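Here the structure comes first, spelled out in structure tokens, and everything after it is commentary.
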Amino acid sequence: MAEGYNPTILQGQQTSDDEILANTPLDAKALGGDSSEIIMELLQRFKVRDVMKRQVICIPRKATMRDAQKILRDNRISGVPVSENGRLYGLVSVNDIIKGLDGGWMEEPCEAHMAKNLVVLEGGMPLAFALRYFNNYTYGRFPVLDSDRKLVGIISQRDVMRALLYELSVEIRKLERKTSPKAAEAEQEAKENFYRKEWAVVHNDLSRAGHAANAIKGILRERKIDRSIVRRVAVAAYELEINICIHSHGGVLVLLIADNSVSITAKDRGPGIKDIEWACRDGTSTANDWIRSMGFGAGMGLSNSKRVSDKFEIESEVGKFTIVQCIFDLPKAESAGKEGGA
Amino acid sequence: MTIADVVRILDGKLMAGDGTSPRAVGAVVANDLMSDVLLYDADDILLLTSLASDQAIRTAHIVGAMGVVVHNAKPLSETMLTVASDLGIPLVSSPLSKYDACVRLHDAFLAEERA
């Protein structure tokens, strides 16, 4: 792959499951009906924009097929839109890459070999439309455009399934709650005392790195959590976010504020850590010169995170994933529920 | 010593943020390695660095710094100025070297103590 080429990332705010619920008030009819009625109701109620992925990795027209291949491999995706300034030009899928490998045109610009006659969805379409498209066409994903024909997301069958399964489980919980007032009370209490938010972290996108940690600090300060704890959480979040950005193929950073603790969890999609003990030592790093020139790669990330945490756990499998969790104890008065809901 | 004093002492120019902030410098950290900066446990840090990138500002925000000085008059990108404004971190550009900047700040602290 040519040096100096970077994919562009469409940085939309991902709709969380809770936001989906808030925007799609439950029709009481659905609770009383049978399961197929509930599913039909959900398919009409949800819009494509509610469940699509908003953080879309895109490549420009001049990127080579080889570049596209690397993007697909590094991000474990099966298709990448070719887009510039929000305008969608085409899409390169695994099939196009296979044809490119066969035909020997991997070093040519992808605009010459991408799929150009695309089937697209609009954000405001009901989810039932998307499902029909998946049935009618063999594509694994559809780009989503807004009313100005600008690319705003991408939707796969998996996104649809995730939304439906989540919503169905909520419906079932609501039915259970109807029959058990005590359980309803307990659930309400738990909801008030929990706050969860996650951020996608993209490989090598240092311009965005730190964005999640800065947001986490803001959230904790709003909740009036003790300054020294906020600082420790922010340091761990920042180090772990940078680690995902510079060392992994990409992942997520998750903030969870519970009754008596705050936790930061960093999950990535590999390449994994061979020797965890070595990686947690001060001053050990596999960072390259470019990363060092950006002020990181001193080998302090994991050890700093461990140092500031009350509990630190790390799990990794080479070639697969790394999960790091930092837990911070909160005094009773700091509990999440005291400062307002999620 | 406020950020306005820092601008004056270092012959600097305020590039972003509030130059009239009353926050006083609690400690000066002169470092280009952001992981090192994250280790300092002090309030109201003034970060003196040659790292002219968004990450210097983001790191300053994480440690609750009261300001950032980029020395050697390194050119500052538009995004760095935007991030500084968004996060409310005063950003100063100084033509001095890191060493000279440290000496001047040290002298100014001593003068402040004597006064």
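How big is the C-alpha Rg of the stretch B:3-114 next to the rule-of-thumb value 2.2 N^0.38 Å, as a ratio?
Working: Rg = 12.5 Å, N = 112, 2.2 N^0.38 = 13.2 Å.
Taking N as the residue count of the stretch B:3-114, the ratio is 0.94.
Counting other beta carbons within 10 Å of each residue's own, what order do A:Trp278, A:Trp105 fall into, fewest first?
Numbers: A:Trp278 11, A:Trp105 17.
Placing the least packed residue first, the sequence is A:Trp278, A:Trp105.
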(request) Could you line up A:Ile98, A:Ile257 from fewest to most neighbouring Cβ atoms inside 10 Å? (result) A:Ile98, A:Ile257
(request) Only bridges with both residues in the stretch B:3-114 count here: give the DSSP antiparallel percent, nearest 5. (result) 20 percent
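Can you give the local net charge around B:Ala115? Use residues other than it whose beta-carbon is closer than 14 angstrom to its beta-carbon, Lys and Arg +1, Asp and Glu -1. Walk me through the numbers on the way to the answer.
Values: positive: B:Arg114; negative: B:Asp5, B:Asp107, B:Glu112, B:Glu113.
Counting the neighbours of B:Ala115, the net charge comes to -3.
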(request) Pairs to check: A:Lys70/A:Lys320; A:Lys53/A:Lys311; B:Lys13/B:Lys98; A:Lys174/A:Lys217; A:Lys47/A:Lys70; A:Lys150/A:Lys267. Give those whose C-alpha atoms are more than 22 Å from each other in this structure. (result) A:Lys53/A:Lys311; A:Lys174/A:Lys217; A:Lys47/A:Lys70; A:Lys150/A:Lys267
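Note the full-extension length gain between A:Lys224 and A:Leu118 as 0.36 nm times their separation in residues minus their Cα-Cα distance, in nm to one decimal. Intermediate results must be reported in sequence, preceding the final value.
Details: separation 106, 0.36 × 106 = 38.16 nm, distance 4.93 nm.
Using 0.36 nm per residue and subtracting the Cα-Cα distance, I get 33.2 nm.
Take A:Thr64, B:Thr49, B:Thr20, B:Thr59 and order them by how many other Cβ atoms sit within 10 Å, fewest up front. Walk me through the numbers before you get to the answer.
Working: A:Thr64 21, B:Thr49 24, B:Thr20 10, B:Thr59 33.
Least to most surrounded, the residues fall as B:Thr20, A:Thr64, B:Thr49, B:Thr59.
Since every read-out is calculated from the coordinates, none of them should be taken as a lab result. Nothing here was measured: the structure is a model prediction, and the numbers come from that model. Neighbour counts run over all protein chains shown; Cβ positions are idealised from the backbone, glycine included.
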